[in-house]
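Quick notes on the structure that follows.
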Amino acid sequence: MKMSKILIRGAKVLGGEPQDVLLDGETVEAVGTGLTAEGATVIEADGQILLPGLVDLHTHLREPGREDSETVLTGTRAAASGGYTAVFAMANTHPVADTAGVVEQVYRLGKEAGYCDVQPIGAVTVGLEGKKLAELGAMHDSAAGVTVFSDDGKCVDDAVIMRRALEYVKAFGGVVAQHAQEPRLTEGAQMNEGVVSAELGLGGWPAVAEESIIARDVLLAEHVGSRVHICHLSTAGSVEIVRWAKSRGIDVTAEVTPHHLLLTDELVRTYDPVYKVNPPLRTERDVLALREALADGTIDIVATDHAPHPHEDKDCEWAAAAMGMVGLETALSVVQQTMVETGLLDWAGVADRMSFAPARIGRATGHGRPVSAGEPANLVLVDPAYRGTVDPADFASRSRNTPYEGRELPGRVTHTFLRGRATVMDGKLA
Ligand SMILES: [Zn+2]
């Protein structure tokens, strides 16, 4: 069957001057002004921003094993709603994605769902136990073609294991994504260590627990000549270390989550477990340093760390609650509010931090490409003038643990295209 043509009229491509973009089948056929196409479906996009489809390097899809919180289908529907055309699925499933069999299963489920490309992340160590390297080569050579490896949720804290992993993935251009958290320094930690934790009497999570691992790992990456990626960087001190490492020529990249760009540990005073997350919400000073680092490129990308949890794992006392927040469906709005509306980043910058750069780091073929003729039609159309209140009942995700419920956030994804096919049309899943 021949796919029909789609003409997107008058969209600001990467926030620039209004242009028409014609899609033919799976590709962008033309970008220009005054384009026409007989029989094409026309989308009037006055005032809307057209970006390459977003790429999330850090998503928890929970399948296999915790389908009560999310499945590949519900998670990719959430991703499409949020403007994503590719997500990297973290390995901390049950069973753990530490074999070719499991990563191929997740990859295949993504293909079957058809909302968003799913690129599985392989575990660094068997069972995320930090003791023995997983079969990294077999996962890379599998149909899933794994290039990103992470024990996310746990830190690869053994320096020798980390060194071996960096050496191993170097051979095929892979990358280790580190959840930087020194385990001994964070035993029993419930929130950021600081003024608020002292007042509330909750176990604190010191910044140095994150920073010491980042410092070690950039030095290991330099020593081995491999690249390393830092997950969800959350402190001003971590920014300084990554900035130093980059100035030294070390091949390090880093991500920040939307929630660390907006929320602070003051929210923990509510004792609402929706604010409990790993790494924890930090201080205003950290938030401002993270925004600045994302603007100047010290932090390369925004990644959601979308972490769905069922109601019962969050609807309990603070100490017992699971850590994590859903984020795929609100990420772009939070970035618009914290980075675009503050003047720190323009839309071309958003395209870089949420599509070009993550696709490059994860080697996501066909994603993070320029909006120009001949490129795959992986695109998202955003209405930046929209203002709305977050209602978790609207989410496509199976989970509802958002910290933004009732908050007004700007912007709305109106259309998402995966290889020319609308996965979101007029703000609704297609
Ligand atoms: Zn993590």
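The values are calculated or read from the model by the stated rules, or taken from the named source; none is laboratory data. Since the structure is predicted, the reported quantities are computational estimates derived from the model, not experimental observations. Quick reminder, even Gly has a Cβ in these numbers, built from the backbone with ideal geometry, and neighbours come from all protein chains shown. Accessible surface is based on the protein model in full, side chains and every heavy atom, while ligands, DNA and RNA are left aside. Shrake-Rupley method; radii C 1.70, N 1.55, O 1.52, S 1.80 Å.
Restricting to bridges with both residues inside the stretch 1-147, how much of the DSSP beta-bridge set is antiparallel, in percent to the nearest 5? Write down the numbers at each step before the final one.
Values: 12 of 26 bridges.
Close to 45 percent.
What accessible surface, in Å², does a 1.4 Å probe find on L202, ignoring ligands, DNA and RNA and rounding to the nearest 10?
40 Å²
Leaving ligands and nucleic acids out of the surface, order E199, E375, E38 by accessible area at 1.4 Å, largest first.
Numbers: E199 115, E375 30, E38 190 Å².
Ranked list, largest accessible area first: E38, E199, E375.
Please list, ordered by chain and number, the residues whose modelled amide H lies under 5 Å from the amide H of T423; skip anything fewer than 5 residues away on the same chain.
T416, F417, L418
Just tell me which aspartates and glutamates come within less than 12 Å, Cα to Cα, of K5; anything on the same chain fewer than 8 places away is out.
Candidates past the 8-residue exclusion: D24, E26, E29, E38.
Counting each pair of different Cα atoms once, what's the Kirkwood radius of the chain in Å, rounded to one decimal?
Numbers: mean 1/r = 0.0465 Å⁻¹.
When all Cα pairs of the chain are included, the Kirkwood radius is 21.5 Å.
Express the carbon and sulfur contribution to the solvent-accessible surface of the stretch 38-182 as a percent, rounded to the nearest whole number, probe 1.4 angstrom. Could you put the intermediate results ahead of the total?
Values: 2340 of 4800 Å².
Roughly 49 percent of what the probe reaches on the stretch 38-182 is carbon or sulfur.
Return the equivalent ellipsoid semi-axes of the stretch 331-385 as a descending list in whole Å, where each equals the square root of 5 times an eigenvalue of the C-alpha gyration tensor.
Details: eigenvalues 95, 34, 16 Å².
Output for the stretch 331-385: semi-axes of 22, 13, 9 Å.
Using a 1.4 angstrom probe and counting only protein chains, how large is the accessible area of V13 in Å², to 10?
That residue has around 20 Å² of solvent-accessible surface.
Any lysines with Cα under 26 Å of the K276 Cα? List them, leaving off those in the same chain fewer than 8 positions away.
Counting by Cα, and skipping residues close in sequence, K276 has these lysines nearby: K154, K314.
Working with all protein chains in place, sort F417, F395 by solvent-accessible area computed with a 1.4 Å probe, largest first.
Numbers: F417 0, F395 25 Å².
Descending accessible area places them as F395, F417.
Of L290, A138, G411, whose Cα points farthest to the positive end of the dipole of the chain (charges on the beta-carbon: +1 Lys, Arg; -1 Asp, Glu; origin at the Cα centre)?
It is A138.
Roughly speaking, to the nearest percent, how much of the stretch 252-401's 1.4 Å accessible area is carbon and sulfur? Could you put the intermediate results ahead of the total?
Values: 2480 of 5200 Å².
Within the stretch 252-401, the accessible surface is 48 percent carbon and sulfur.
With every protein chain kept in place and ligands, DNA and RNA left out, what is the accessible area per residue of the stretch 53-362? Probe 1.4 Å, answer in Å². Don't skip to the answer; put the middle values down first.
Values: 10270 Å² over 310 residues.
Per residue, the stretch 53-362 has an accessible area of 33 Å².
Take R400, R285 and sort them by solvent-accessible surface of the protein heavy atoms, 1.4 Å probe, largest at the top. If you can, show how the numbers build up before the last one.
Values: R400 105, R285 160 Å².
Result, largest first: R285, R400.
Rounded to the nearest 10 Å², what accessible area does T253 have for a 1.4 Å probe in the complete protein model?
The value for T253 is about 20 Å².
Can you compute the helix-only [θ] at 222 nm over the chain? Use -39500 (n - 2.57) per DSSP H run of at least 4 residues, normalise by all residues, nearest 500 deg cm²/dmol. Walk me through the numbers before you get to the answer.
Working: 13 runs with 116 residues, N = 430.
Mean residue ellipticity, 222 nm, calculated: -7500 deg cm²/dmol.
What is the set of long-range amide H partners of T27 at a cut-off below 5 Å, with H atoms built 1.01 Å from backbone N?
Residues meeting the amide H criterion: A377.
Check which residues have an amide H placed less than 5 Å from Y84's amide H, if you skip close sequence neighbours.
L54
Only bridges whose two residues both fall in the chain count here: according to DSSP, what percent of them are antiparallel, nearest 5?
50 percent
Give the aspartates and glutamates whose C-alpha is closer than 20 Å to that of K246, dropping any in the same chain fewer than 8 places away, or say none.
E167, E210, E211, D217, E222, E255, D286, E292, D296, D300, D352
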